[in-house]
Amino acid sequence: TRLEKAFNTRILNVHRGPELVQKLHALDKIAMKMRERGITVAKENFDHHREALNEELWRMCFAFRDQVPDQNVLLGKNGQHRSLNQYFFQTLRVPVVERNEDSEAPSLNAKALQTYVAMYAETKPPIANLARTIFRFRKYSKLLGSYIENLPVGSDNRAHPWWRVFGARTGRWSATDPALQTIPKPNEKAGTPGMRDLFCAGPWLILVEADYSQLELRIVAVLSGDEKLLEWYAAGLDVHTMNAQEIFQTKTPSSQQRELAKRVVYGLNYGGSAETVWKSLITDFPGLPL
């Protein structure tokens, strides 16, 4: 066909074009086989997480009602009720920091909530705490919806995600329905439950988790020629722990301090300003100064 002919002509003009297309087709076959086979869902853990997430959401509902006695102001199922906008912008009269891209109306999106937590952490703690409660309620609500209520489980008790060979800008594989590569690890400080035990190996199979060890930071070390980073990697040390030692001036940083140091490093290396990184941290680390 005309489209196929134009496509093949363009491929020939790309460096290693035919070779890459051939590899893509081979990887697509693997991806479809992975989707067909799927991954086993651990029923007991599924039930546990459903109960735990619902309990946590109820706690946040009670905390919210203590913070906002007005019965006309509601969280809604996903923490997106329109009365929240009215309460923030008309009753509390907080300044607008984000707007809806389509309507230009004041927005109470995640970025706005993080900004209010940072903005009022010291001057108006009740507003900061309210923004934090809504932020966390939405996070838990999303976990419940994505991995429990809307988890597509077949009659074989297995999830069958779509795998995309070139689905991400970074060139990595990606998965959807469910997003197997973004299942959260437990983070006590951030109040995030670990949910990776939702999936398990089937009979006579082994489930392997593999990841590059600090790949982006290793690239930064090589490209920058930073002596301390290269020294730490050459010695086989954990860079995030070493960095936390430097930041907090302690030989034994806690897991929360290591997590903070790690997020600062990646936030800055991905182009975030000090204030941007601080705003992304303040909801999980109350009292953190800029």
- Going through (1) surrounded by 12 or more Cβ atoms within 10 Å (Cβ to Cβ); (2) closer than 29 Å to Ser174 by Cα; (3) at pLDDT below 90 one by one, Asp102 fails only at (1)
- Task: Answer yes if at least one residue in segment 142-153 is under 30 Å from Met32 (Cα atoms), surrounded by fewer than 16 Cβ atoms within 10 Å (Cβ to Cβ) and among the charged types (D, E, K, R), and no otherwise.
- Result: yes
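Listed here are the residues, each with its yes/no results for (1) surrounded by 11 or more Cβ atoms within 10 Å (Cβ to Cβ); (2) more than 27 Å from the chain's Cα centre (by Cα); (3) outside any helix (DSSP H, G or I).
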site	(1), (2), (3)
Asn8	yes, yes, no
Leu24	yes, yes, no
Met32	yes, no, no
Arg50	yes, no, no
Glu56	yes, no, no
Cys61	yes, no, no
Leu74	yes, no, yes
Gln80	yes, no, yes
Gln86	yes, yes, no
- Task: Can you run down the residue pairs with Cβ atoms below 7 Å, 6 or more apart or on separate chains, where the first is in segment 69-90 and more than 14 Å from Thr133 (Cα to Cα) and touching a residue at least 12 places away in the same chain (Cβ under 8 Å) and the partner is part of a loop (DSSP other than H, G, I, E, B) and of a type outside the set (Lys, Arg)?
- Result: Asn85/Leu108; Tyr87/Val68; Tyr87/Val73; Phe89/Val96
- Note on the structure: How many residues of segment 194-240 are outside any loop (DSSP other than H, G, I, E, B), farther than 26 Å from Lys142 by Cβ and in contact with a His (Cβ under 9 Å, 6 or more places away or on another chain)? The answer is 1
- Task: Determine if segment 201-215 includes at least one residue that is surrounded by 15 or more Cβ atoms within 10 Å (Cβ to Cβ), more than 28 Å from Thr40 (Cβ to Cβ) and modelled with pLDDT under 90.
- Result: yes
- Item | Criterion violated by Gln249 - all others in (1) open to solvent by 60 Å² or more (accessible area, probe 1.4 Å); (2) under 30 Å from Arg132 (Cβ atoms); (3) in contact (Cβ under 8 Å) with a residue 12 or more places away in the chain satisfied | (3)
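Would you check if there is a residue in segment 104-125 being of a type in the set (Phe, Trp, Tyr) and under 26 Å from the mean Cα position of the chain (by Cα)?
Filtering segment 104-125 down to residues of a type in the set (Phe, Trp, Tyr) leaves 116, 120.
With the extra rule that they be under 26 Å from the mean Cα position of the chain (by Cα), the set shrinks to 116, 120.
Yes, segment 104-125 contains at least one residue that is of a type in the set (Phe, Trp, Tyr) and under 26 Å from the mean Cα position of the chain (by Cα).
The values are calculated or read from the model by the stated rules, or taken from the named source; none is laboratory data. This structure is a prediction, so every number in the text was calculated from the model and none was measured. Don't worry about glycine lacking a Cβ; one is built from the backbone with ideal geometry, like all the others, and counts go over all protein chains shown. Ligands, DNA and RNA are stripped out before the accessible areas are found, and what is left, the full protein with its side chains, is counted by its heavy atoms. Shrake-Rupley method; radii C 1.70, N 1.55, O 1.52, S 1.80 Å.
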